[in-house]
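The values are calculated or read from the model by the stated rules, or taken from the named source; none is laboratory data. Every value quoted in this text rests on a predicted model; they were computed, and no experiment measured them. Cβ: placed from backbone, ideal geometry, glycine included. Neighbour counts: every protein chain shown.
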Amino acid sequence: MTPDIGHEKFNSVYDEYLDADFNEADTRAKIIDKILKDVLGWAEKDIAREYAVNSGFIDYRLNQNGICKLVIEAKRSDDYFLIPPDKNNRYYKISGAISSVRNLISAMTQAKHYCDDIGCKHAVVSNGSQFIVFSAITIGKPWKDFRCLVFNSLHDIKSNFALFYSVLSRDAVLDGSLNTYINEHKSRLKFQKIIDMIHNPDYTWSRNELYTYIRPIADVAFHELLDDSREDILRKCYVHEKTKDTADEMDSFFRDRLPHFSGSFAVSDLEEDEHGSSTLDTAMTECMETSAEGNLIVLLGGVGVGKSTFIHRYYKVVLTKVPNFYWFYIDFRKTEPRVDALEEFIFRSINEQFLKKYKPILAKDDPEISFEASVSELKAYYSKLFRDIKKDGAYVSIVIDNIDQHDIGLQESIFLYASSICDLLKSITLISVRENTFLMSTRLGVFDAYDIPKFHIAAPNFLSLIVKRLDYAINLLSNDDFDQKFRPMPLDKKEQLAKYFNVIKLSLIYPNPQAKKIVRFIDNVSVGNMREALRMFNNFIVSGNTNINEIFAKLEAKGSYQIAFHQFIKSILLGERRYYNQDKSNIMNLYDFDTSLTDSYSNSFRILQYLYEKKNSQSPIGTGYIDINNLLIIGQEINISREIMADSLERLARFNLIELDNLSRTEISKASYAKITYAGIFYLNELSHQFVYLDTVMADTPISDDDIFESLKQKINETEIPNRLERVQEFTQYLKEFEEVEFKNYPELTSHHFTCTSFLNRVHNEFLLQIPSILDNFYKRKDEGS
């Protein structure tokens, strides 16, 4: 049913029944039935008439998938409601002027009883010409303190048909129109965040006291290994083991499998052994055997999985065994190019590297080429040079990396130009991209014409990566020439740093619950992004929230120290900040939501739970992917609008708790499918009810209860464990009671599989179970220190 067809049908009803006078049965059969089915698009199967409930018989019950969306109380056409006219407003407060319209209030009260009986939120009272729409079940105040929407006559409907259709048509109701046009509770519930009321919310702690000495070590050992000065650490710290399925909890909980589209596009997994050999070797050998031709190779991988690190090691370590192999690295992080400047950037990068690295070796008798040469001169020069040296048995490779730092349009242009380079220079051209860039390009036809080898690189095992880096840092501190390579450091600081790094290493590899939880946290939250995992690790080792004095004191007293999970996660959540702010963190607050759209804390939980339950289901694109449109329809069934669902999906995608089929973290409008990630499972089943997580994100969570808000605000700076436990218990108790009110005021939620779970009650109960052990550890540590 379209609005235009509905309008045409309504005009027929208007002409036929404008002056009609019917009893109740005729009103239903001759006017309301026609308006519902012919004008508003409700199907006969959606309508139940004379539906028996405890308080009587419902004239109309309008359903969708067994869920009642609307109750209609029908009156005879001559039972006119004498509603005082208001030219400027069609919304009336039920306890206001219309409260004296007794026949209307009586009919609305009857409809409310019906809604109470079956758990339907919205109702309509109609005598065939007047339609009064209202919320029968309300939050915060009695139902009569809210407003109703009045269409006062058939003429009024005719004059305002667009609004009438937008409120009551079947498609509009399923899309949440009644929540949009009728509900008022979102504007009446005032939410506040503690972070917004703090005088200095951006307050930062001082870095820990070893920061000055840690920084130069961290810059070498715990960052990317791309520049030439880091070839030593590239050789010693490269991790060839990739994430894999395993029952061992100390191994990665992120299983970085081939992307869902790999079968369709013949993507191979890039596997390596400890000698550096990989599945790429075969393709590279074939390219060298056909060196007279140009060859294109695509390396696919997610954000931060180590595409650039693999490339640098492969070319600097593995391919150095191949004689006369010359390669040029085009790093698109170093530019903000326009499409029309791609060629110039690429050829000037080739020229710069040639003049610095290869000029003394190659082209001794060729004409000189300068840094200032024109692009056309560069193209001609290198086209000839590369052909000439290849005739002598040399190999040339152009590597194009980090194009995913730019927008998709530019990436696709670089893709296309990479093929042109192959044709022009007859080089082996390797281009590294994110999977979503490749997927978008294939869908848009950019790669349809090319039969090229494609390899997917998985994330390295985090534990192996960080242990190798820590060992490298510890050995670096004991080197005799350390002070020559770095700024001179006092011997006692070197020893402290070595001890500190060793404590961290043992805290990660020692087989105990705390170590397992730390590794689980990093693996799951980073979702295979090793750049992000290293960033989190760096945050911990330098954070002012990391109590380094306690570490050394306990180490001195007991000879060992295990970094606790709560210590680690707090430093990750906060970094240098005193207060958590989701906009400045890479850790999501599951309890945050857009208060202008909804008043529910549970929508993100509901989506995660649904996707979790479907994680083994099959779809056209792979296991666990759910059609987003179907998910939105499920929300509509229970009066959760598409806008609310889309907002939650966008939040979850941004923090990588769900994966979209276009592999973007921002462009949900262009995605068709979604699946839960291991991060999403971790948040849902573990992180969401952890004491330290709740205690931290509480400051940036909207709270509607003024008394609770003031109480928590007063306690936000408490640092003693018993006081922190008390405020978190108050916070989770508030969440639990808020959820109970939500179920009470929206009883239909309890009968739908998508919304029936009491997530916040579970969070509260799971938190309560943690209190005894947390207090026990607190008093134990206190006794040890006294």
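Can you find a residue that is modelled with pLDDT of 85 or more, loosely packed, with under 14 Cβ neighbours inside 10 Å, in a helix (DSSP H, G or I) and out of contact with any strand residue (DSSP E or B) (no Cβ under 7 Å at 6 or more places or on another chain) anywhere in segment 298-311? No, segment 298-311 has no match at all. Among the residues of segment 20-44, those identified as part of a loop (DSSP other than H, G, I, E, B) and either modelled with pLDDT of 90 or more or not charged (D, E, K, R) (or both) are A20, F22, N23, L40, G41, W42, A43. Candidates are the residues of segment 312-337 that are touching a helix residue (DSSP H, G or I) at 6+ places or on another chain (Cβ under 7 Å) and of a type in the set (D, E, K, R); the one that is surrounded by the fewest Cβ atoms within 10 Å (Cβ to Cβ) is R333.
Where helices (runs of 4 or more DSSP H) fall wholly inside segment 691-755, the ranges with 3 or more residues that are under 30 Å from Y114 (Cα atoms) are 721-745. Filtering segment 475-493 to residues that are surrounded by 15 or more Cβ atoms within 10 Å (Cβ to Cβ) and either modelled with pLDDT under 85 or in contact with a Lys or Arg (Cβ under 8 Å, 6 or more places away or on another chain) (or both) leaves L477, F482, F486. Taking every residue in segment 329-344 that is more than 16 Å from I398 (Cα to Cα) and in contact (Cβ under 8 Å) with a residue 24 or more places away in the chain and pairing it with any residue that is acidic (D, E) and assigned to a helix (DSSP H, G or I), at least 6 positions away or on another chain, the pairs with Cβ-Cβ distances below 9 Å are P337/E344.
If the condition is being small (G, A, S) and either touching a Lys or Arg at 6+ places or on another chain (Cβ under 8 Å) or surrounded by 22 or more Cβ atoms within 10 Å (Cβ to Cβ) (or both), then segment 650-669 contributes A653, S664. Taking the condition assigned to a helix (DSSP H, G or I), surrounded by 14 or more Cβ atoms within 10 Å (Cβ to Cβ) and not assigned by TED's automatic domain parsing to the domain that holds K570, does N761 pass? Yes; evaluated as a whole, the condition is true for this residue.
Does A97 fit the bill of being in contact with a Pro (Cβ under 7 Å, 6 or more places away or on another chain) and either assigned by TED's automatic domain parsing to the domain that holds D15 or surrounded by fewer than 17 Cβ atoms within 10 Å (Cβ to Cβ) (or both)? It is true that A97 is in contact with a Pro (Cβ under 7 Å, 6 or more places away or on another chain) and either assigned by TED's automatic domain parsing to the domain that holds D15 or surrounded by fewer than 17 Cβ atoms within 10 Å (Cβ to Cβ) (or both). The lone criterion from (1) over 29 Å from G66 (Cα atoms); (2) crowded, with 19+ Cβ neighbours inside 10 Å; (3) hydrophobic (A, V, I, L, M, F, W, C) left unmet by L768 is number (2). For segment 549-565, give me the residue count where each residue is closer than 17 Å to F501 by Cβ and in a helix (DSSP H, G or I). Number of matching residues: 7.
Residue-by-condition table, conditions (1) closer than 18 Å to T27 by Cα; (2) at pLDDT 90 or above; (3) in contact with a Gly (Cβ under 7 Å, 6 or more places away or on another chain):
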| position | (1), (2), (3) |
| --- | --- |
| Q64 | no, no, no |
| D78 | yes, no, no |
| I105 | no, yes, no |
| C115 | no, yes, no |
| S153 | yes, yes, no |
| R170 | no, yes, yes |
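Could you tell me whether any residue of segment 647-664 is of a type in the set (S, T, N, Q) and part of a helix (DSSP H, G or I)? Taking every residue of segment 647-664 in turn, at least one turns out to be of a type in the set (S, T, N, Q) and part of a helix (DSSP H, G or I).
Any residue that is more than 30 Å from F655 (Cα to Cα), of a type outside the set (G, A, S), more than 36 Å from the chain's Cα centre (by Cα) and in a helix (DSSP H, G or I) - is there at least one of those in segment 498-521? Yes, some residue in segment 498-521 is more than 30 Å from F655 (Cα to Cα), of a type outside the set (G, A, S), more than 36 Å from the chain's Cα centre (by Cα) and in a helix (DSSP H, G or I). Entry remark, segment 672-690: residues being surrounded by fewer than 20 Cβ atoms within 10 Å (Cβ to Cβ) and either part of a helix (DSSP H, G or I) or in contact with a helix residue (DSSP H, G or I) (Cβ under 7 Å, 6 or more places away or on another chain) (or both) number 3 in total.
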